[in-house]
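Structure first, then comments.
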Amino acid sequence: MDVAALEARALPIPEGLDAPEDQVLELARVWWNGSGPLMNLRPALQEPGNMGVVLAEMAWVYSHAYAEHHGLDQAQAFKAICDSWDKAHAKAAESAQTETAQ
């Protein structure tokens, strides 16, 4: 794998990071590897519940991006994202139950 080629396709650092530098953190890098996500995560937020806020905001922003870049209806895109979240969350919960039963 050509890491330099992947880095060239990486997203840029967003504009508007106006907090002091020691308070700005990259929380995740997520790549799609054909059949699923691969990620590096930094659990840097003191309150784990804040990740729910991050994930909800990502879903909302993604729905707007799908509307803008792919011509999809934003509300339908948001619903598809939320439906997929529910399905994946249920599958993860089922897997967790199976692991604890062993």
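The values are calculated or read from the model by the stated rules, or taken from the named source; none is laboratory data. Being a predicted model, the structure only gives us computed values, none of them experimental. All Cβ positions, glycine included, derive from the backbone under ideal geometry; neighbour counts span all protein chains shown. Note: accessible area is taken over every heavy atom of the protein model, side chains too, but ligands, DNA and RNA are not part of it. Shrake-Rupley method; radii C 1.70, N 1.55, O 1.52, S 1.80 Å.
Comparing Leu41, Leu72, Leu11 in a Gaussian network model of the chain (Cα springs below 10 Å), the most mobile by mean-square fluctuation is Leu11.
Note on the chain: with a GNM built from Cα contacts shorter than 10 Å, the maximum mean-square fluctuation among Gln76, Gln23, Gln46 falls on Gln23.
Dipole check for the range 3-100: with +1 at the C-beta of Lys and Arg, -1 at the C-beta of Asp and Glu, and the Cα centre as origin, the magnitude is about 400 Debye. Quick check for you: with a 1.4 Å probe and neighbouring chains kept, what is the accessible area per residue of the chain, in Å²? Normalised by residue count, the accessible surface of the chain is 89 Å².
Of the accessible area of the range 3-100, computed with a 1.4 Å probe over protein heavy atoms only, carbon and sulfur atoms account for 59 percent.
Residues Arg9, Arg42, Arg29, sorted by accessible area with the largest first, give Arg9, Arg42, Arg29 [1.4 Å probe; ligands and nucleic acids excluded].
Seen from Ala56, the other residues with C-beta closer than 15 Å to its C-beta sum to a net charge of -3, counting Lys and Arg as +1 and Asp and Glu as -1. Taking all protein chains together and rolling a 1.4 Å probe, Met51 ends up with roughly 70 Å² accessible. Show me, bin by bin at 10 Å from 0, the whole-percent P(r) of the chain based on Cα pairs. Here the calculated profile for the chain is 11, 31, 39, 17, 2. Between Trp32, Trp60, Trp85, where does the largest GNM mean-square fluctuation fall for the chain, given springs only between Cα atoms within less than 10 Å? For the chain, modelled as a Gaussian network with Cα springs under 10 Å, the answer is Trp32.
Within the shell defined by Cβ-Cβ distances under 14 Å, the residues around Phe78 carry a net charge of -4, with Lys and Arg each +1 and Asp and Glu each -1.
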